[in-house]
1. Given the conditions (1) in a helix (DSSP H, G or I); (2) in contact with a helix residue (DSSP H, G or I) (Cβ under 7 Å, 6 or more places away or on another chain); (3) among the β-branched types (Val, Ile, Thr), and given that THR57 satisfies all but one, which numbered condition is not satisfied?
2. Of the residues VAL222, VAL207, VAL229, which is over 19 Å from ASN48 (Cα atoms), modelled with pLDDT under 95 and crowded, with 19+ Cβ neighbours inside 10 Å?
3. Given the residues LYS35, LYS50, LYS62, which is the only one that is basic (Lys, Arg) and at pLDDT below 75?
4. Taking the options SER90, SER80, name whichever one is modelled with pLDDT of 95 or more and of a type in the set (Gly, Ala, Ser).
5. Where the second residue is open to solvent by 50 Å² or more (accessible area, probe 1.4 Å) and the first is assigned to a helix (DSSP H, G or I) and lies in region 271-299, which pairs have Cβ atoms under 6 Å and are six or more apart or on separate chains?
6. Somewhere in region 86-102, is a residue under 21 Å from the mean Cα position of the chain (by Cα) and of a type in the set (Phe, Trp, Tyr)?
7. What tally of residues in region 266-311 results from selecting those that are of a type in the set (Gly, Ala, Ser), under 24 Å from GLY98 (Cβ atoms) and open to solvent by 10 Å² or more (accessible area, probe 1.4 Å)?
8. Which members of region 119-132 meet the condition of being open to solvent by less than 30 Å² (accessible area, probe 1.4 Å) and not β-branched (Val, Ile, Thr)?
Amino acid sequence: MNDNRNIHTLKTRLKRIGTVRKLRARADLGSVAGKPLMFAVEVSSVCNLKCGFCSYTAVDRKRRIVPLDEYSDILSGMKSIVADSGKKDSFVALTGLGETFLISNITDYLAATRKALPGATIGIASNFTCIKKETMERIFREKLLDVLTCSLNYTDEAAYRDACGGDHFSKVIETIDDFAECRKKFGSGLKLMIGMKKKHGMSDRDVEDFEAYAAGRWKDAVSVTWSNVFSWSKGLELPGVDEPAARRTFPCYCLFEMKMLIDHKGDIYPCCTCFTRETTPELMLGNVTRTSYADLRARFSEIRRAHCRGEWSRLPFCSECNVYANERYDVFFKIGNRYF
């Protein structure tokens, strides 16, 4: 029995060494000059849904909408960071744990972003429950978005209601109809990415049927992506996923590209899990209005080193994180790359 445990421990340590090497290589690639800087700005920390798979249900902090004048200050900070980085491209997602389209004048935020960062790719991830038709039309008319993701999540109203709360399923479908109509009206190439969840007992045929339905109803206006993430409290439902203790063995994959997630106060973090608290000082990178790009990179490197060395006493938030993503399923990259 002891021999088997020793063999298992040795294999785990060897795998950790391989993982650390691979992640360090990924981090080095992230420093290449041509790699765009990636920002996600939580202009709204308020949401009208309580989806069981979303960390919003675990939030213990102030909920607010960032006023446009404060967002202008955040924009100025991002502009300075981009300039200091020497990079030509950037990506800005107006997305956090809240619903962006709860902001009635969100198109003013988008227009300000386009003006301040004319070369940036701009995106939003939304639950699509509260977008006004005039908002959609202005987005298309002024070409304010480059990437748009809709979290429909489920293929039927009952499953949607059970997971997300509220009878919004039909409204979301109708809003996707509006998107397809506006896209055609304005001759736009913007494609909507519909995020779906694979629920218990869902077969490959069920997936194919929904994709056929989407293609028939919305033609080439949409693409469909799937994930198995279903519960914040239970982490990931995946075959062969590591035990919770594995997060103390392997570094978190989401740290190894330089994504800057900016909360409603302008504070910068490496992942949106930090947004479940009012502040997470051990993971704070700085503030967008006063921290230089060089200081952000140095702080990022410090946190990565602590993960690679397994120094969890320095990172208690990470050691207890229940959104651990292992090598077989990198949740932040597979889902986040829809709009990052």
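1. With respect to (1) in a helix (DSSP H, G or I); (2) in contact with a helix residue (DSSP H, G or I) (Cβ under 7 Å, 6 or more places away or on another chain); (3) among the β-branched types (Val, Ile, Thr), THR57 is out only on (2).
2. That would be VAL229, the only listed residue that is over 19 Å from ASN48 (Cα atoms), modelled with pLDDT under 95 and crowded, with 19+ Cβ neighbours inside 10 Å.
3. One residue alone meets the criteria, LYS35.
4. SER80 is the lone residue from the list that is modelled with pLDDT of 95 or more and of a type in the set (Gly, Ala, Ser).
5. Correct list of pairs: TYR293/ASP84.
6. Yes - at least one qualifying residue is present in region 86-102.
7. First, the residues of region 266-311 that are of a type in the set (Gly, Ala, Ser): 266, 286, 292, 294, 298, 301, 306, 310.
Next cut, under 24 Å from GLY98 (Cβ atoms) only: 266, 286.
Now narrow it down to the ones that are open to solvent by 10 Å² or more (accessible area, probe 1.4 Å): 286.
Residues that pass the stated criteria total 1.
8. Correct list: ALA120, GLY123, ALA125, SER126, ASN127, PHE128.
The values are calculated or read from the model by the stated rules, or taken from the named source; none is laboratory data. Bear in mind the structure is a predicted one, so any value in this text is a computation, not a measurement. Please note: Cβ atoms are built from the backbone with ideal geometry, for glycine as well, and neighbour counts cover all protein chains shown. The accessibility values were calculated without ligands, DNA or RNA, using every heavy atom of the protein model including side chains. Shrake-Rupley method; radii C 1.70, N 1.55, O 1.52, S 1.80 Å.
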